[in-house]
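This report concerns only the one structure given below.
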Amino acid sequence: MLVTATSTSAMQGGFNNVPTEAARQFRAIMNAIARPGRIETLGGATPPAPMSVAAGVIVLTLCDPDTGLHLAGDHDTPDIRAWVQFHTGAPFVPAENANFAIGRWEALSPLTIYAHGTPEYPDRSATLIIEMDALSTDGAILTGPGIEDSASLSLPEIEALKTNALLFPLGLDFFFCADTRLASLPRTTKVTEGGAI
């Protein structure tokens, strides 16, 4: 079989030791979910640009052939599609059918287009993987499960995330990624402007 340049590059950039790396990265992702606002460092993958290392690791760790993935904006490229398909087999779907969606905040908006779950099945909702230029522990104030008192996190927007938390037990869950850095914002987390809780 003739291997094209695209398919050759798609085969690269995954975990070197899949079972070991996937387990290690899964623990880091779960730590981020359990402690909203805490920044974890992920590694072991080199996805095609403009996907960050952290976002690529999430895709490799959490996506599979039964996981619908939506690529938004400049993340919908032939290289990213080939890489995701080779390493995970995840199908590409429209936003309204996505289990996971990845892109920059502006490309993923509006949040209303994604599945927010139903009263019977609140878990049937989407998780958005938001690509950011930087991620830091200042900005919006976070409170809720997994946070002892409060935490701070730089977020792309406050109002939409406040509204999302009000939908609980429905709503979306979020990962925020910048290079190798990852933070999580589950729907259980309340968001307020910095300086006031």
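The values are calculated or read from the model by the stated rules, or taken from the named source; none is laboratory data. Worth saying up front: this structure is predicted, and the values here are computed from it rather than measured. As a convention, Cβ positions derive from the backbone with ideal geometry for all residues, glycine included, and neighbour counts pool all protein chains shown. With ligands, DNA and RNA removed, areas are computed over all heavy atoms of the protein, side chains included. Shrake-Rupley method; radii C 1.70, N 1.55, O 1.52, S 1.80 Å.
At a glance:
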| item | result |
| --- | --- |
| In nm, spacing of pseudo-spin labels at A160 and T20 (7 Å Cα→C-beta vector) | 4.0 |
| Residue among G43, F176, H70 farthest towards the positive dipole end of the chain, charges placed on Cβ | G43 |
| Mean separation of Cα contacts under 8 Å (6+ apart) over length of the chain, as relative contact order % | 23 |
| Additional length obtainable on full extension of the chain from S150 to A107, 0.36 nm per residue less Cα span | 12.5 nm |
| Helix-only CD estimate at 222 nm, as mean residue ellipticity for the chain, using -39500 (n - 2.57) per DSSP H run (n ≥ 4) | -8500 deg cm²/dmol |
| Exposure rank, largest accessible area first [V18, V84, V93; 1.4 Å] | V18, V93, V84 |
| Label-to-label distance, nm, for residues given as N31 and V93 (7 Å Cα→Cβ offset) | 3.1 |
| Taking only Cα atoms of the stretch 93-179, radius of gyration then Dmax in Å | 13.2, 39 |
| Antiparallel bridges, percent of DSSP beta bridges restricted to the chain (to nearest 5) | 50 |
| Cβ charges +1 (Lys, Arg) and -1 (Asp, Glu), total dipole of the chain, debye | 340 |
| Heavy-atom accessible surface of the stretch 18-122: percent carbon and sulfur, 1.4 Å | 55 |
| Under 11 Å, Cβ to Cβ, from D123 - net charge with Lys/Arg +1 and Asp/Glu -1 | 0 |
| Point-to-point label distance, E120-T46, nm (Cα→Cβ direction, 7 Å offset) | 4.8 |
| Residues with amide H under 5 Å from that of T180, placed H, sequence gap 5 or more | A54 |
